[in-house]
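To start, the structure under review is shown below, and the notes come after it.
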Amino acid sequence: MMDVFFMERDPYAPIRHCYPVENVLYHGKSQYQEITVLESPYFGRVLVLDGVAQCDEKFEFIYHEFMAHVPLYAHPNPETVLIIGGGDGGVLREVLKHPEVKRAVLVDIDKEVIEVSKRFLPTIACAFDDPRVIVLNEDGYKYIQDYENEFDVIIVDSTDPVGFAHVLTTEEFFKYVYRALKEDGIYVGQTESIYYHMEIVRRIQKTLRKIFPIVDLYTAVIPGYAGYWWTMSVGSKKYQVREPSREVKVQTKLYSEEMHKHAFLPKGFYEKILSDDYKF
Ligand code: AG3
């Protein structure tokens, strides 16, 4: 038996994760990216896009729970939710745990990510058949430009901000997001790690502050993402987001009212890291 490894090609991290591979279940190239599903003894199946691990069966719940439940519980009545990206279905699965949600629109540019996830990651891509779901294979950047005052929560579950995902972190995009949200809507996006990607975190936070009256930053520790201390940036039109606004009832492994509050950085540290002079 040969030892086979997959070395991740993370575009911004100064380190490379290396996974032992038992099996390559899928490898192909879509119109947009290279899609791979590996099987690794500890992590289970791992979805890899353009050489970067997006989620693994063992720990996917951490990222997906925090991406979905923090904004959805910060909002008192999230009925209409837009997910941009998220083709593996993990955020969607969590969003649909809220009975308040009447409609969840998932816009992922790459149909093949959805198809491959349904085939090889059935515990993650398990909610696409829910009648509340609308799936569109379109460019989220273009899609959002047609909407005004439409969504309670917008979650951007994108790949790293390189290539076609970069536009999802620009000022123009956040202006469209702001307009597409209802008057009390909340935006959340994945914005890389504190230690390795602080320049990106800072750029996105500063851009959000030009547009949203309330901007915040929370984190979750994600074992599969180099940098681990992963950030999620929030733009909110009306509600403070540091505490749930409703009783937490969904079934989760890690998210809870206590963990919601704990996820937000202490305010002093948060302001400090946003200053350009702050260096690790
Ligand atoms: N999307 C964001 C993953 C970012 C990972 N980046 C990295 N490790 N450099 C995850 C998709 C899960 N639904």
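List of remarks:
- Of all residues in the stretch 169-214 being of a type in the set (A, V, I, L, M, F, W, C) and within 22 Å of N77 (Cβ to Cβ), the one that is nearest to the ligand (Cβ to nearest atom): V188
- Residue satisfying all of: in the stretch 1-38; more than 16 Å from the ligand (Cβ to nearest atom) and in a loop (DSSP other than H, G, I, E, B); surrounded by the most Cβ atoms within 10 Å (Cβ to Cβ) among these: V21
Matching residues to (1) more than 16 Å from the ligand (Cβ to nearest atom); (2) of a type outside the set (V, I, T); (3) closer than 26 Å to H27 by Cβ; (4) crowded, with 22+ Cβ neighbours inside 10 Å:
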residue	(1), (2), (3), (4)
P122	no, yes, yes, no
D130	yes, yes, no, no
V133	no, no, no, no
E138	yes, yes, yes, no
Y141	yes, yes, no, no
Q145	yes, yes, no, no
E148	yes, yes, no, no
V162	no, no, yes, no
V167	no, no, no, no
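- Residue tally, condition touching a strand residue (DSSP E or B) at 6+ places or on another chain (Cβ under 7 Å) and part of a helix (DSSP H, G or I), over the stretch 243-280: 2
- So A226, is it modelled with pLDDT of 95 or more, within 16 Å of the ligand (Cβ to nearest atom), not aromatic (F, W, Y) and not in a strand (DSSP E or B): yes
- Each residue in the stretch 241-255 was checked for being of a type in the set (S, T, N, Q) and within 20 Å of the chain's Cα centre (by Cα), and 2 pass.
- Tally of residues being outside any loop (DSSP other than H, G, I, E, B) and either within 12 Å of the ligand (Cβ to nearest atom) or among the β-branched types (V, I, T) (or both) across the stretch 39-90: 25
- For the residues K58, K29, the requirement of being over 27 Å from Y196 (Cα atoms), in contact with a strand residue (DSSP E or B) (Cβ under 9 Å, 6 or more places away or on another chain), at pLDDT 95 or above and of a type in the set (K, R) singles out K29.
- Wholly within the stretch 133-218, helices (runs of 4 or more DSSP H) carrying at least 1 residues that are aliphatic (A, V, I, L, M) and free of Cβ contacts under 8 Å to residues at least 40 places away in the same chain: 198-211
- Extreme residue, modelled with the lowest pLDDT, among residues of the stretch 169-210 that are touching a Pro at 6+ places or on another chain (Cβ under 7 Å) and closer than 14 Å to S158 by Cβ: I200
- Considering the stretch 91-107, the residues that are touching a residue at least 60 places away in the same chain (Cβ under 8 Å) and within 14 Å of the ligand (Cβ to nearest atom) include one that is surrounded by the fewest Cβ atoms within 10 Å (Cβ to Cβ), namely E94.
The values are calculated or read from the model by the stated rules, or taken from the named source; none is laboratory data. Here the structure is a predicted model, which means the values were calculated and not measured. Cβ sites come from the backbone with ideal geometry, for glycine too, and all protein chains shown count toward neighbours.
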